[in-house]
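Novice: This is the structure I have questions about; it appears just below.
The values are calculated or read from the model by the stated rules, or taken from the named source; none is laboratory data. All values derive from a computational prediction rather than experimental measurement. FYI the Cβ positions are ideal-geometry reconstructions off the backbone, even for glycines, and counts take in every protein chain you see. Ligands, DNA and RNA are stripped out before the accessible areas are found, and what is left, the full protein with its side chains, is counted by its heavy atoms. Shrake-Rupley method; radii C 1.70, N 1.55, O 1.52, S 1.80 Å.
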Amino acid sequence: MPDINSGRIFVAGHTGLAGSAILRHLTERGCRNLITIPHRELDLTNQAAVERFFDYCKPDYVFLAAAKVGGIMANATQPAEFAYNNLSIQTNVIHSAWKHGVKKLLFLGSSCIYPRCAPQPIREEYLLTSELEPTNEAYAIAKIAGLKLAQAYRAQYGFSAISLMPTNLYGPGDNFDLKSSHVLPALLRRFHEASRDGAPSVTLWGTGTPRREFLHVDDLASAACFAMENYDDMAPLNVGYGSDITIAELAGLVARITGYTGDILFDASHPDGTPRKLLDVARINALGWKASISLEEGIASTYAWYREHVTRSMAA
Ligand SMILES: NC(=O)c1ccc[n+]([C@@H]2O[C@H](COP(=O)([O-])OP(=O)(O)OC[C@H]3O[C@@H](n4cnc5c(N)ncnc54)[C@H](OP(=O)(O)O)[C@@H]3O)[C@@H](O)[C@H]2O)c1
């Protein structure tokens, strides 16, 4: 297995939630040959530009954390962009990485690839066994294609491409824009603002009963580096915290952390999405990796980051 510290490492999507955490993790463990490039300087949907970049930089290892990512509303209103951008980014990066002799590539998929009604907890082999959740189908199909592409390059060319399927991520650097954010950062922002404004109630979409799993992005970064150094196989690896919580329970936890004391109401006329989504993390645990940041600790530190970075920049 590779010692990635000695190689040139390209983190694609290094300004994003996952990519920035991977970059932090690599920096903290002393990796010096880190390659990054902002989106405005390299559009990864542009195949010719990606080719030139790989030809010039010649990375040894690639963490593919660049993607178009968003919550229910963004997925519902921009399915073409979710499909096109993700299919293009992953195809261009995987192909160029193989062509330019990259030693190993890690593709970040998502737990959305699994069937809507998969048995719980979801094992890796449940992929493509029944229908997907319709609200993010375009994104899920693109991610499944990325995983299959990585497998095809391994099967045909022996390219060392591995895939991680993380559960819902959260942490510093998250997207707190209510139009495009995921549930946890959206709750943090809504309860923060409700607490600040002394709002008597906060109404959330759906019934509050769906169960979700959340992984702090620093845990994801440690799993990604662990997998890069200790895993080299065709099959995707789930990465999760190992237990889930209802949206209502999550709302209660976020309310407590943000100091919100009003009512929490649920508007059941809005869709809930998948009823439950908990990944089976037995395989990565058996390899020697386990999540270490509790949800309460992770939300508290994310809230501290939000107050420091987001609310301050809004006030400026
Ligand atoms: N967030 C989650 O809960 C979650 C859960 C499971 C899996 N994942 C997976 O983790 C990966 C990263 O997600 P994330 O949450 O970190 O997303 P994110 O915060 O939105 O970051 C995406 C990154 O990709 C870059 N990017 C997007 N389009 C690009 C393009 N055409 N060319 C170059 N760069 C581009 C973005 O740069 P700009 O911001 O400058 O555009 C940003 O750096 C994705 O593959 C996602 O499927 C995420």
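Novice: Take the eigenvalues of the Cα gyration tensor for the chain, scale each by 5, and report the square roots as semi-axes in whole Å, largest first.
Specialist: 32, 21, 19
Novice: Going 7 Å from the Cα of H309 toward and past its Cβ, which residues in the range 197-222 have a backbone nitrogen under 20 Å from where you end up?
Specialist: What the label zone holds, given the 20 Å backbone N cut-off, is 214-222.
Novice: Sort the following peptides by mean Cβ neighbour count (other Cβ atoms within 10 Å, averaged over residues), highest first: 242-249, 144-151, 265-272, 105-112.
Specialist: The packing order, highest mean first, is 105-112, 144-151, 242-249, 265-272.
Novice: At D232 and K179, where each label point lies 7 Å from the Cα along Cα→Cβ, what is the point-to-point distance in nanometres?
Specialist: Here the answer is 4.6 nm between the modelled labels.
Novice: List the pair-distance distribution P(r) of the range 21-174, using every Cα-Cα distance, as the percent of pairs falling in each 10 Å bin from 0 up to the bin containing the longest distance, rounded to whole percents.
Specialist: 10, 37, 37, 15, 1
Novice: Still on this model: Just to verify a number: what accessible area does I141 come out at with the full protein assembly present, 1.4 Å probe, Å² rounded to tens?
Specialist: 90 Å²
Novice: Moving to a separate point now. Compute the helix-to-body angle for 247-258: its Cα long axis versus the longest principal axis of the chain, expressed 0 to 90° and rounded to tens.
Specialist: Once rounded, the angle reads 80 degrees.
Novice: Sticking with this structure for a sec: On a 0 to 90° scale, report how tilted helix 217-230 is relative to the longest principal axis of the chain, with both axes built from alpha carbons and the result rounded to the nearest 10.
Specialist: 20 degrees
Novice: For the range 1-76, just say rounded, prolate or oblate: build the C-alpha gyration tensor, square-root its eigenvalues into a ≥ b ≥ c, call rounded for a/c under 1.5, and beyond that prolate if a/b exceeds b/c, oblate if not.
Specialist: The shape class here is oblate.
Novice: If you don't mind, another one. Which net charge results when you count Lys and Arg as +1 and Asp and Glu as -1 among the other residues whose beta-carbon is under 12 Å from that of A21?
Specialist: -3
Novice: Report the Stokes-Einstein translational diffusion coefficient (µm² s⁻¹, integer) for the range 71-115, Rh taken as the Kirkwood radius over Cα pairs, at 20 °C with viscosity 1.002 mPa s.
Specialist: On the way: Rh = 12.3 Å.
The diffusion coefficient I find is 174 µm²/s.
Novice: Mind checking the angle between helix 17-28 and the chain's longest principal axis? C-alpha axes, 0 to 90 degrees, to the nearest 10.
Specialist: 60 degrees
Novice: Follow-up question, since we're still on this one. Compute the length gained on full extension between E131 and S6: take 0.36 nm times their separation in residues and subtract their Cα-Cα distance, giving the result in nm to one decimal.
Specialist: 40.7 nm
Novice: For the range 179-316, what is the accessible area per residue in Å², given a 1.4 Å probe and the full set of protein chains?
Specialist: Details: 6080 Å² over 138 residues.
About 44 Å² of surface per residue is accessible.
Novice: Let me ask something additional. Within the set of other residues whose C-beta is less than 10 Å from the C-beta of P210, count the net charge using Lys and Arg as +1 and Asp and Glu as -1.
Specialist: Net charge in that neighbourhood comes out at +2.
Novice: Return the loop-located trypsin sites (Lys or Arg not before Pro) in the range 150-191 (DSSP other than H, G, I, E, B) with at most 12 other Cβ atoms within 10 Å of their own Cβ; answer none if there are none.
Specialist: Within the range 150-191, the qualifying trypsin sites (Lys or Arg not before Pro) (loop, at most 12 other Cβ atoms within 10 Å) are K179.
Novice: Here is a follow-up. Report, for the chain, the % of DSSP beta bridges that are antiparallel, rounded to 5.
Specialist: 5 percent
Novice: Rounded to a whole number, what is D in µm²/s for the range 258-310 from Stokes-Einstein with the Kirkwood radius over alpha-carbon pairs (4 °C, 1.567 mPa s)?
Specialist: 85 µm²/s
Novice: Follow-up question, since we're still on this one. Taking the Cβ of M228 as the centre, find all other residues whose Cβ is under 14 Å away and add up their charges (Lys, Arg: +1; Asp, Glu: -1).
Specialist: Result for the local shell: -1.
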